[in-house]
Structures are given as structure tokens and as C-alpha cells.
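The values are calculated or read from the model by the stated rules, or taken from the named source; none is laboratory data. Small disclaimer: the values here were computed from a predicted structure and weren't measured. When we count neighbours, we look across all protein chains shown, and the Cβ atoms used for this are built from the backbone with ideal geometry, even at glycine. SASA here: full protein model, heavy atoms, side chains in, ligands and nucleic acids out. Shrake-Rupley method; radii C 1.70, N 1.55, O 1.52, S 1.80 Å.
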Amino acid sequence: MKVLVAGGAGYIGSVTTEMLCDKGHEVVVFDSLERGFQAAVDPRAKFMQGDLRYKEDIKSALLAERPDAVIHFAAYIEVGESMKEPMPFFENNVGGSMNLMNAMVESGCKKLIFSSTCATYGTPERMPMDETLPQLPESVYGESKYLCEHIFKWGEEIHGIECVFLRYFNACGATEKYGEAHNPESHLIPLVLQVAQGKRDKIFIFGDDYETRDGTCVRDYIHIKDLAQAHILALKPGVRGGFNLGNGDGYTVKEVIEVCRKVTGHPIPAELEPRRAGDCSALVADSTKAKTELGWNPQFADLKTIVQSAWNWHQAHPDGYTEST
Ligand code: UDP
């Protein structure tokens, strides 16, 4: 298939592009490079620089390339940032998605795979979380992704564009070539690994008074290769709707730090900070639907394996993508 990957220079987009190329698909990466990196784009893919906020950028890309499907990752992703500066999240995530849908209608592209999030559910009324839960987001980031899902559903109903919403839990880990490099970094595992690399003195734990086994937040950490695999499976004609993607195992912040200590051999000092706005106490996936309907079969469920892959990548790329690696 020919696939346009919007946001293909970012973390999940770069690994999905790599795996699409490995499978012999023709890939066009469309990315503004505002937060992504050209060095993260697989050289087998064609690269087009463009910004979804500019209608003409995406319209001309789709009219020129005429892909069979679009996989859409291009978005702002930091929950904490979204609670301080909400409007750019609506402008970029929602406005950009509207421009994408319009351009898909105009160019006749009939398949969309959208990078959504468990943050669209808010605090769930039961655990693990399946797709029948009500979507009641509690952060601007989650709300922006939820609004996109709605817009896309109408695009599906009225224009016949088949839409898949992949709701990720916590993406982490790396392939040999591509890993997690946000600037500034805000995610737990890369921050902890920066302590082990000597780039930070300590890790801050955001709250230890949650109702969890050790008081710190529980998250479901899922390997980036397993996530990328789900996107490829979702390309199949006839697949549509929402799918939760996680391992079904939750780890607390303290447990993650402990695994990182074992993998890196570094003591990793930790200090308590107040809760971070927008955080839910626990988010763990029930991915039965993805397993039965997509045939998804995560291969790297063990947290130690996931952290080891991230640690290997960070050691091989100590400055992320700032060097030409
Ligand atoms: N977290 C933390 N210290 C940090 C970064 C994150 O304690 O420096 C916590 C955060 O509150 C959340 C978990 O680690 O409970 C995972 O956060 P992350 O930002 O990696 O992903 P999110 O769950 O927000 O998508």
C-alpha cells in the first residue's frame, strides 16, 4: 500500500514508518519538524515538510501523492503543557485534523488511522479499560483527541472514509534505529534514563497520595514496536472504530524507577513533588478487542525488556537526534 504518515518524524511515527518500510509499503512522511526530527525519518520513505495547520500544505501533499491510507500522528502530546497552554492544542490537534479530513475528502483517500489516547476516557469507572467505557476526558490533551475522533466519525459517516482510532496507553521503548526524543522531555521513562546518563540529578515523582498500591500513579507501558504493529494491522480494509492498546499490566511510578535502576545499574535518586494537573491515578488497558478484531499480538510485554530497549537506544544516541544519527 501507499501510506502517508502525518507526524512521521516523531517518536511513534518514526517507528511505524520503519516497520511499514520493512513490510514493503511505500511511505510518504509529512511532518512540520516543529517537534519531530528529520534524522528520525527512515531514508526509505519520501519526506515532505508541511504543517497540518496550513490547509494547502496537506491538500497539495495528498493530491500529489494520492495514498491509499493516512496514518495521523501529528499533534501536541504533553498533558501538563495542555493544562497550562490549552489553545495551541485545539488549534494544532483539532484544527490540523479538520484540515486533514478536508484534504482527504478532496483527494479521495478513504482510510484513516488516527493516533488517539486512553486520556480520552478520563478517570475510568472500572479497570482494566475496554472500549465501552464513556469517554470523559479530564485534560485538554485528552479533549483535543476526543474532538478529533468525533470529527473523523462524521467524515466516515458522510464521506465514507474508514476511520480507526488507536487509543494508546503509555508508549515506550525503542527499535535499534529510532527512539524517544522529545525536547523538552516530559515522559517518565526517558526522564529516568536521563538521570542514569548523568543528564539530570534526580527524578521527581508527581504525587504519592493516589489510591494505588504504593501511592504513585499506575500506567500501562506498551512497547513502541507493538504499537506500530497495530497500525499496520489496522490498514486492512473493513477495520474501523476504536481500539485500546496496552499490555493489561499496570506499573506504579516507583516500580518503573526500580526497573530502570536494575536495567541501568544506576541508583537513580528520586524526590517527591506535588501531583501533576490532569493525571489520573490508574490507567490500564483491556486490549481484547484489538487482539480479536485486529489479530494484534504484543511481543514485548515485559517492562524490563521495554526499558532495556530504550536504554540501548539512549546509550547509542546520547544526544537524541541533535547529532546526525
Ligand atoms: N511522572 C512522574 N515524574 C516525571 C514524569 C512523569 O512522576 O518526571 C509520572 C506521571 O505523573 C504519570 C506517569 O509518570 O503518572 C507517566 O507519565 P508520562 O508523562 O510518562 O505519561 P502520561 O501517563 O502522562 O501519558
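Observations, loosely collected:
- Counted by Cβ distance under 13 Å from Trp313, the other residues give a net charge of -2, where Lys and Arg count +1 and Asp and Glu count -1.
- Beta bridges by DSSP in the chain, antiparallel share as percent, to the nearest 5: 5
- Set Lys225/Lys304; Lys23/Lys291; Lys23/Lys145; Lys225/Lys254; Lys236/Lys289; Lys177/Lys236 screened for pairs whose C-alpha atoms are more than 18 Å apart: Lys23/Lys291; Lys23/Lys145; Lys225/Lys254; Lys177/Lys236
- Between 0 and 90°, nearest 10: helix 140-159 axis offset from the chain longest Cα axis: 20
- Each Lys or Arg adds one and each Asp or Glu takes one away; over the other residues whose Cβ falls under 15 Å from the Cβ of Glu125, this sums to -4.
- Contour excess over end-to-end distance, with Cα ends at Asn183 and Gln49 and 0.36 nm allotted per residue: 46.3 nm
- R0 of 22 Å, Cβ-Cβ distance Thr305-Lys2: FRET efficiency to nearest 0.05: 0.10
- Placing a label point 7 Å from the Cα of Val105 along the Cα-to-Cβ direction, the residues of the stretch 128-167 whose backbone N falls under 17 Å from that point are 148-163.
- Shape category assigned to the chain from the gyration tensor of Cα positions, a/c cut at 1.5: prolate
- Net charge of neighbours whose Cβ lies under 12 Å from the Cβ of Thr212, counting Lys and Arg as +1 and Asp and Glu as -1: -3
- Karplus 3J(HN,Hα) series, Hz, for the stretch 228-244 with 6.51 cos²θ - 1.76 cosθ + 1.60 (x for Gly, Pro): 4, 4, 4, 5, 5, 5, 6, 5, 4, x, x, 7, 7, x, x, 9, 8
- A simple spin-label model places the labels of Lys202 and Leu63 5.8 nm from each other, with each point 7 Å out along Cα-to-Cβ.
- For the peptides 203-211, 281-289, the ranking by packing is 281-289, 203-211, with the highest mean count of neighbouring Cβ atoms within 10 Å listed first.
- For the stretch 201-325: accessible area per residue (Å², 1.4 Å): 46
- Whole-percent carbon and sulfur share, accessible surface of the stretch 47-164, 1.4 Å: 55
- Reported to the nearest whole Å, the Cα centre-to-centre distance from the stretch 99-130 to the stretch 221-269 is 18.
- Accessible surface of Lys225 - all protein chains present, 1.4 Å probe, nearest 10 Å²: 70
- Overall, the anisotropy analysis places the stretch 242-325 in the oblate class: the square-rooted eigenvalues a ≥ b ≥ c of its C-alpha gyration tensor yield a/c not less than 1.5, with a/b not exceeding b/c.
- Rounded accessible area per residue of the stretch 110-198, 1.4 Å, Å²: 38
- Solvent-accessible area per residue in the stretch 1-47 equals 35 Å², computed with a 1.4 angstrom probe and all protein chains kept.
- In the chain, the longest principal axis of the Cα atoms and the axis of helix 11-22 are about 60 degrees apart.
- Between 0 and 90 degrees, the angle of helix 303-316 with respect to the longest Cα principal axis of the chain falls at about 80 degrees.
- Long-range HN-HN contacts of Gly242 with modeled amide H, under 5 Å: Phe165
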